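The values are calculated or read from the model by the stated rules, or taken from the named source; none is laboratory data. Because the structure is predicted, anything quoted here is derived from the model rather than measured. Note: ideal-geometry Cβ built from the backbone for every residue, glycine included; neighbour counts use all protein chains shown.
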Amino acid sequence: MQRTLSSGGLTLRHFLLKAEVLSVYRQVIRSCRRIPDAEARRETLEWFKHDFRRNANTTDLVKAFITSYGTVPNTGS
C-alpha cells in the first residue's frame, strides 16, 4: 500500500526523493562555483542543468535510483 499526500499526489517516497534531488542540484550548482575556468564552469553548469531537466518528470522510482546510483535500493520488503 502506497501512502500519498493527497488524492493523485506524490507518494511519500516520491516526495522524499524529490527533496533529495533538489538538495543534490543545489550542491552541484555551488560546487561549480569552484571551477576556475569560466568557460568550463559554464559548460559544466549547462550539462548538469540539461541532465536534471531531462529527468525532471521521472516518476519511476526504480529508474530514478538506477540513474542516480547505478543500482536498485534495498527496500527491506
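Check whether at least one residue in segment 32-49 is among the hydroxyl-bearing types (S, T, Y) and touching a Cys at 6+ places or on another chain (Cβ under 7 Å), and report yes or no.
Keep residues of segment 32-49 that are among the hydroxyl-bearing types (S, T, Y), which gives 44.
Among the residues that remain, those that are also touching a Cys at 6+ places or on another chain (Cβ under 7 Å) are: 44.
Yes, segment 32-49 has at least one match.
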Is it the case that some residue within segment 60-75 is at pLDDT 70 or above and loosely packed, with under 14 Cβ neighbours inside 10 Å? yes
